[in-house]
Amino acid sequence: MDEQGELVCVTPFPSMPTHFLNDGKERTKYRAAYFERFPSIWAHGDFCVISSETGGVVMLGRSDATLNRGGVRIGTADIYAVVERFEEIDDCIVAGQAV
């Protein structure tokens, strides 16, 4: 509670994707996308915080979205962590742009 963590699910849920189109019977791409990081645990690919005060979940951004500028890998959550410290900023979004 009250700490950033990876959003994962240890039991199936109704809106959970079950497969990708044209992925074959082995579902190789599907398994790589959701189950490769933590064996037998579905990882959504997002960071979140669960509030101990409200029980609400604050989504923090993609855990696997990484910008690679000049060989330095920076995740969008790293950028949000800095930008959202400014009181003047109510909300923001990080998006890559080809230069």
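The values are calculated or read from the model by the stated rules, or taken from the named source; none is laboratory data. Remember, it's a predicted structure, so these values are computed and weren't measured experimentally. For neighbour counting, all protein chains shown are included, and Cβ atoms are generated from backbone atoms with ideal geometry for every residue, glycine included. These accessible areas exclude ligands, DNA and RNA; they are computed on the full protein's heavy atoms, side chains included. Shrake-Rupley method; radii C 1.70, N 1.55, O 1.52, S 1.80 Å.
Checked against the criterion of being assigned to a loop (DSSP other than H, G, I, E, B) and more than 24 Å from ASP78 (Cα to Cα), segment 29-36 contains not a single residue that satisfies it.
Only one entry in ARG62, ARG73, ARG37 is open to solvent by 60 Å² or more (accessible area, probe 1.4 Å), in contact with a Leu (Cβ under 9 Å, 6 or more places away or on another chain), of a type in the set (Lys, Arg) and modelled with pLDDT under 90, namely ARG73.
In segment 8-34, the qualifying residues are those that are under 17 Å from ARG62 (Cβ atoms) and open to solvent by 50 Å² or more (accessible area, probe 1.4 Å), and the one that is nearest to the chain's Cα centre (by Cα) is VAL8. Taking segment 40-56 as the region of interest, how many residues are open to solvent by 60 Å² or more (accessible area, probe 1.4 Å) and at pLDDT 90 or above? Summing the residues that are open to solvent by 60 Å² or more (accessible area, probe 1.4 Å) and at pLDDT 90 or above in segment 40-56 gives 4. Return yes or no: is ILE89 at pLDDT 85 or above and open to solvent by 50 Å² or more (accessible area, probe 1.4 Å)? Yes.
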